[in-house]
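Engineer: Quick one: the structure is below, questions incoming.
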Amino acid sequence: MNYRHAFHAGNFADVLKHLVLAQCLEHLGKKAKPYRVIDTHAGVGVYDLTGDEARRSPEWKEGIGRLLKTTAPAELDDALNPYLDVIRAMNDGDALTAYPGSPEIAARLARQDDRIHLCELHKDDSVTLDRRYARDARVKVQAMDGYRALPGLVPPREKRGLVIIDPPFEHRDEMAFMAQAAKSALERWPTGTFIFWRPLKDLWAQERFDVGLAEWLIADQGLEGEKLLRADMWVRELSEEGPLAGAGVVVVNPPFQLEERLLKLLPWLTDLLAQDDGAGWRLDGCITDDSLMVDEF
Ligand SMILES: C[S@@+](CC[C@H](N)C(=O)[O-])C[C@H]1O[C@@H](n2cnc3c(N)ncnc32)[C@H](O)[C@@H]1O
């Protein structure tokens, strides 16, 4: 396990993933009943943007750095604020030194009765995570393979909530691991909201994951098509080689309004974060073999 998220924290891929996560949590928080967040690949929770990793690889400057420097149109407030408010609360004034990972976004948006279950396999990272949330009775940290832990964690007692699966994609079969975990967890908890993050690198494997999951959910599990959403963004022309140029999420049981908000947000965000003329985005409410990227633009 060589992957260290500190080299990438706050980059364009984190921005889209965390915007979607914050939207989903904000929606869950609208009902009084408590919810549970299960984060299978949690990382360390908070990233120091002045630290050695971020200095050696300042990807955040082209991600959250650009977003915080701009004034967004007011019509995007609903989509941006749940996420940006978390970041603003962690930083003083205009200086951006701390960036929230998915556990911290959950910890800051969750209420007193909500619960957060974090799995992190990397030994040092799980210790860091455990220390960070030791005094937060809502948070449980498990130093374990998130894929193995997941079947035993769903459905949660609260019967409401969200699973985020955000693996490092170091293994060439990661997409297959994620598909397997997705199916066994969704069979157990078909009404949970699930966020699957995947890179746009091996586009064949990614498309197989998306379409395979959608077909299985709709044909075998009887899920209605509108209970699926995928949102992707690429900041340069996509390529299998070199640094990551695009990424996004597949969301199962997305909150009402997520699609509408992302439809307004994605064109603007892509323009803002574009690094060359090859930048683009797609938003599919229904994932089929026909909804290939080239059709969108
Ligand atoms: C992309 S990072 C997670 C970032 C985090 N979700 C966020 O948004 O802030 C992936 C993390 O998964 C951890 N990891 C790798 N394989 C794992 C596994 N099988 N189970 C749990 N954690 C794993 C890595 O150590 C790394 O910290």
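The values are calculated or read from the model by the stated rules, or taken from the named source; none is laboratory data. Because the structure is a prediction, the values reported are computed rather than measured. No Cβ is skipped: glycine too gets one built from the backbone with ideal geometry, and neighbour counts run over all protein chains shown. Accessible surface is based on the protein model in full, side chains and every heavy atom, while ligands, DNA and RNA are left aside. Shrake-Rupley method; radii C 1.70, N 1.55, O 1.52, S 1.80 Å.
Engineer: Tell me, yes or no, whether the range 173-183 has at least one residue that is more than 16 Å from the ligand (Cβ to nearest atom) and farther than 23 Å from GLY29 by Cα.
Structural biologist: Yes, the range 173-183 has at least one match.
Engineer: When you check LEU162 against the structure, is it within 16 Å of the ligand (Cβ to nearest atom), closer than 25 Å to LYS33 by Cβ and at pLDDT 95 or above, yes or no?
Structural biologist: For LEU162, the condition - within 16 Å of the ligand (Cβ to nearest atom), closer than 25 Å to LYS33 by Cβ and at pLDDT 95 or above - is met.
Engineer: While we're here: Check off (1) over 24 Å from PHE256 (Cβ atoms); (2) open to solvent by less than 60 Å² (accessible area, probe 1.4 Å); (3) within 13 Å of the ligand (Cβ to nearest atom) for LEU200 and give me the number that stays unchecked.
Structural biologist: Of the numbered conditions (1) over 24 Å from PHE256 (Cβ atoms); (2) open to solvent by less than 60 Å² (accessible area, probe 1.4 Å); (3) within 13 Å of the ligand (Cβ to nearest atom), the odd one out for LEU200 is (3).
Engineer: Any residue in the range 71-94 that is within 14 Å of the ligand (Cβ to nearest atom) and over 22 Å from THR193 (Cα atoms)?
Structural biologist: Yes - at least one qualifying residue is present in the range 71-94.
Engineer: Just one of LEU84, LEU162, LEU80, LEU109 is closer than 18 Å to GLY29 by Cα and in contact with a Cys (Cβ under 8 Å, 6 or more places away or on another chain); which is it?
Structural biologist: LEU162
Engineer: Mind checking which residues of the range 230-266 are surrounded by fewer than 22 Cβ atoms within 10 Å (Cβ to Cβ), within 28 Å of TYR3 (Cα to Cα) and aliphatic (A, V, I, L, M)?
Structural biologist: LEU238, LEU244, LEU266
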